[in-house]
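Reading through the structure tokens given below for one structure.
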Amino acid sequence: MTGQAKLRSSSDRGTQRAPSSGTVLILGATSQIARAIALSFANAGYDLVLAGRTPDELERVAADIRIRRAADVRTETFDASDTESHQEFVARVLADCGHALAGVIVVFGLLGDSERARSDFSHAEEIIRINYVGASSVLTHLASHFEQAGHGFIVGVSSVAGDRGRASNYIYGSAKGGLSLFLQGLRNRLHSRGVQVLTVKPGFIDTRMTFGEVPTRLAADPEVVGKAIVKAVKKRKDVIYVPWFWRYIMWVIRLLPEFVFKRTNL
Amino acid sequence: MRTPLSGWGRYPVGISEVHRPERLGELKVPLQSSGSAIARGLGRSYGDASFNSSGCTVLTERLNRFLDFDPSTGALECEAGVTIGEILEYFIPRGFVPPVIPGTKFVTLGGALACDIHGKNHHKDGSFGRHVIDFSLLTADGELVHCSRDENVELFRATVGGMGLTGIITQLRLRLIPIEDPRVVVDYDRAKDLDRALELFHESDERYKYSVAWIDCVGGGRRGLGRSVLMRGNPATGSEAAVLRPEKRRGISVPSTAPSFLLNRGSIRAFNGLYYRKHPRQARGVLSGYESFFFPLDGIRNWNRLYGRSGFFQYQAVLPYDDGRDGLVKMLELLRKSGPGAFLAVLKRFGSGNPEAPLSFPMPGYTLAADVPRRGSAVLDLLSRLDEIVIDLGGRVYLAKDARTSPGAVRAMYPHLESWLEIKSRFDPANRLGSDLARRLELLP
């Protein structure tokens, strides 16, 4: 065996990868969670279109995935709050990859400053606009494509905050809760067309959203989210919590009667 | 977020405001706030170089994107948070390794450049900075400056080995080295004392790309002062890989929760004796993976906790070849006589220094690195006496390992410090970049 051949067989990372299973569009691709999702999908053999607001950041994430996974990665500028542009954006992406579009993952979101959002409605509106209006707008345009195609998957990254309104972040929570309901309805509509709609509800993930707010050891690595979504798409799941135990935490929180819950400080 | 931080030696500890940018644009924020800032990679420097208790510490670990790779030249461009371990993971399969590989893979490239780190190939290939083509630096005034040997030369020189005090390194380009096989062919030689070790170094070091010796600083008796095991190797070629035998898994594993009383004079002596004897007098052509040859301690994740809450010092100094042998004997005798003794120690020959970088540590000579548990005030006296020997012979200590030397000693050790300070004060007059190390050693003019 030659040295070169040995090198190739010594590891499958970086140089070898399954044949392409189609293209996945990731919306809001510059966050750490999106980066982890993108790396996981590239690992599973998908090509990627990364969409987001800052072209330089997108290009950095894309270059990194090309080198780490030898995947085909393209970038597109996309602004979640500019809903007027969404139709044209979707048309452009579809023109580029058409029926090779295997799925879409909505990752963008804005936690905002919950303290400020309580009294400053323009900030509250911004939070609702990104998390709910922006997501439902772009998904509306994409849903009809998938409905016609008759296959594919739509993934929305919502939040455990959307499972019950709490004093500490109910603006964000209500927008994410709205997104969860939107995805639920979409799932009901597209199921018969063979299209999977997956709702992802992350708990504490170690990103800038939780950094300094939650002790780092209580927050899961973003990689966990990427791996969980790839697995859930493969198994055609409807709703997942990441890490998994959040399903049970939120189950308990949802079960608390309102007359008890309103007195708590969660 | 305010949080206690320390280096790998777990001493000293400082409380610092901490930022962890996830996008390049967020890097400017800490520099705009009041107070000073310092970048921190994975915190593998031993003392107080990687945090700033009178301002903020910027964690660069999330800015770790690979940006570009040219297989025809080996030039790799990436962000400063990329680690040596990540390069090995992704580039050994492509047939490349980093030009300099330190003793742990948990080192970011930003840290590697700021400390101008060295590896087992220093006698052949020099320090890290030599292999860096160019880099981008976020300076005190918030500008992103491109630095190379043709552009912003002074900033380039002051940043290589500059302990992060000229700005935050955002990305860099370095040249990787092509390899034929993902392993190293290693020869082991036991040396009964220091003189035999130095003799072996001088006889045959030039035949090896990688060379290092483990050295016993506690045992060996009167005649065996500085007994050593030399571990030297070359990258395997394709034809060697086909005929040589792979290494047997060797190694002593240490439980990471060990209480500090386990480390006492007796156990340190026993460990070192065992280590010496478990190596054959001589072994030739042992095929070893890069990770097991270069990072024997990485297998034990938090081995630094072995020293308990009080932490430890790693003392690393270089002594010029003239009188270097006598200096080593004096240092080894002092270490052997003192308190609990040095648990792990390493000896290596350096090649020529980095003339481009005024604060770079390596210079031609012998470098000795020894872990010394931080127990009692006698330890500080011991290390000051080691400093005196080092200064006397024209050597220096490694700032990336240092937690306790004095401003005066550093000035005696680094003859080009004044020219570095001049560049620092010109590009950062308000000292917006600062660390606990910089304040302790008065590197903020």
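Computed on region B:111-204, with alpha-carbon pairs under 8 angstrom and 6+ residues apart, the relative contact order is 27 percent.
When peptides B:5-14, B:414-423, A:20-29 are sorted by average Cβ neighbour count within 10 Å, with the highest value leading, the order is A:20-29, B:5-14, B:414-423.
Per residue of peptide B:310-317, the mean number of Cβ atoms on other chains within 10 Å of the residue Cβ is 0. Averaged over the residues of peptide A:94-104, the number of Cβ atoms from other protein chains lying within 10 Å of each residue's Cβ is 0.
Each principal axis of region A:161-266 carries a Cα extent, and these read 44, 32, 22 Å when sorted largest first. State the percentage of accessible surface on region B:183-406 attributable to carbon and sulfur atoms; use a 1.4 Å probe and exclude ligands, DNA and RNA. The C+S portion of the solvent-accessible surface of region B:183-406 is 52 percent. Taken along its three principal axes, the alpha carbon spread of region B:183-406 comes to 54, 43, 36 Å, from the longest extent down to the shortest.
For region B:183-406, lysine pairs separated by 8 or more sequence positions, or belonging to different chains, with Cα-Cα distances below 16 Å total 4. Label sites at residue A:54 and residue B:425, each approximated as a point 7 angstrom past Cα along Cα to Cβ, lie 3.6 nm apart.
Only protein atoms count toward the accessible area here, which uses a 1.4 Å probe; on chain A, the carbon and sulfur part of that area reaches 53 percent. A simple packing score, the average count of other Cβ atoms within 10 Å per residue, orders the peptides B:105-113, A:185-193, B:223-231 as B:105-113, B:223-231, A:185-193, with the highest score first. In this structure the amide hydrogen of residue B:396, modeled in the peptide plane, comes within under 5 Å of the amide hydrogens of B:318, none closer than 5 places in sequence on its chain. When peptides A:129-136, B:308-315, B:143-150, B:21-28 are ranked by their average number of other Cβ atoms within 10 Å per residue, the highest-first order is A:129-136, B:308-315, B:21-28, B:143-150. For residue B:134, nonlocal amide neighbours, meaning residues 5 or more places apart or on other chains whose placed amide H falls under 5 Å from its own, are B:173. Dividing the C-alpha radius of gyration of region B:82-216 by 2.2 N^0.38 Å, with N its residue count, gives 1.22. For region B:320-359, backbone nitrogen atoms closer than 17 Å to the point 7 Å from residue B:278 Cα along Cα-to-C-beta are found at B:343-346. Taking the inverse of the mean 1/r over every pair of distinct Cα atoms in region B:102-171 gives a Kirkwood hydrodynamic radius of 12.3 Å.
For chain B, taking Cα atoms only, Rg and Dmax work out to 21.0, 62 Å respectively. Inter-chain Cβ neighbour count for A:208-214, averaged per residue, equals 3 (cutoff 10 Å, partner chain atoms only). Couplings for region B:290-300, taken from phi via the Karplus curve 6.51 cos²θ - 1.76 cosθ + 1.60 with θ = phi - 60°, read 4, 5, 6, 6, 8, 10, x, 8, 5, x, 9 Hz in order; Gly and Pro are left as x. With contacts taken as Cα pairs under 8 Å and at least 6 residues apart, chain A reaches a relative contact order of 17 percent. When every Cα-Cα distance of region B:1-145 is counted in 10 angstrom steps from zero, the calculated P(r) takes the values 11, 39, 34, 14, 2 percent.
Rounded to the nearest Hz, the phi-derived 3J(HN,Hα) couplings of region B:194-206 under the Karplus curve 6.51 cos²θ - 1.76 cosθ + 1.60 (θ = phi - 60°) are 4, 4, 5, 5, 5, 4, 4, 4, 6, 5, 10, 4, 5, where x marks glycine and proline.
With Rh defined as the Kirkwood radius, the inverse of the mean 1/r over Cα pairs, the Rg/Rh of the protein assembly as shown is 1.01. Here the scattering of chain A is modelled by Debye summation over its C-alpha atoms, one equal scatterer each and no solvent; at q = 0.17 Å⁻¹ the log10 of I(q)/I(0) is -1.41. FRET efficiency for the pair residue B:143 and residue B:223, taken as 1/(1 + (r/R0)^6) with r the Cβ-Cβ distance and R0 = 51 Å, rounds to 0.25. Summary value for chain B: 18 percent relative contact order, contacts being C-alpha pairs under 8 angstrom separated by 6+ residues.
Measuring spread by the Cα atoms of region B:158-252 yields a radius of gyration and Dmax of 18.6, 51 Å. Count Lys and Arg as plus one, Asp and Glu as minus one, and take only other residues whose Cβ is under 12 Å from that of residue B:34; the net charge is then 0. Volume per residue for region B:312-445 equals 100 cubic angstrom (convex hull of Cα atoms).
Relative intensity of region A:51-130 on a log10 scale, I(q)/I(0) at q = 0.11, 0.22 Å⁻¹, equals -0.41, -1.11, per a Debye sum over C-alpha point scatterers of equal strength in the absence of solvent. Taking amide hydrogens as placed 1.01 Å from N in the peptide plane, the amide H of residue B:145 sits under 5 Å from those of B:137, B:138, B:139, each at least 5 positions away in sequence or on another chain. Can you grab the distance from the C-alpha centre of region B:112-149 to the C-alpha centre of region B:29-80, Å, no decimals? With region B:112-149 and region B:29-80 each reduced to a Cα centre, they are spaced 12 Å. Among the lysines of region A:19-261, pairs at least eight places apart or on separate chains and with Cα atoms under 19 Å apart come to 8.
Using the Karplus relation 6.51 cos²θ - 1.76 cosθ + 1.60 with θ = phi - 60°, the per-residue 3J(HN,Hα) values for region B:6-23 come to 8, x, 5, x, 6, 8, x, 10, x, 9, 9, 5, 10, 10, 9, x, 10, 10 Hz, with x marking Gly and Pro. Principal-axis analysis of the Cα atoms of chain A puts helix A:32-43 at an angle of about 30° to the longest axis.
The separation of region B:289-324 from region A:180-198, counted between C-alpha centres, amounts to 56 Å.
Taking every DSSP bridge with both residues inside the protein assembly as shown, close to 60 percent are antiparallel.
The values are calculated or read from the model by the stated rules, or taken from the named source; none is laboratory data. No experiment lies behind these values; they were computed from the predicted model shown. Neighbour counts are summed over all protein chains in view; Cβ atoms, including those assigned to glycine, are modelled from backbone coordinates with ideal geometry. When the accessible area is computed, the model is the full protein with side chains, heavy atoms only, and any ligands, DNA or RNA have been set aside. Shrake-Rupley method; radii C 1.70, N 1.55, O 1.52, S 1.80 Å.
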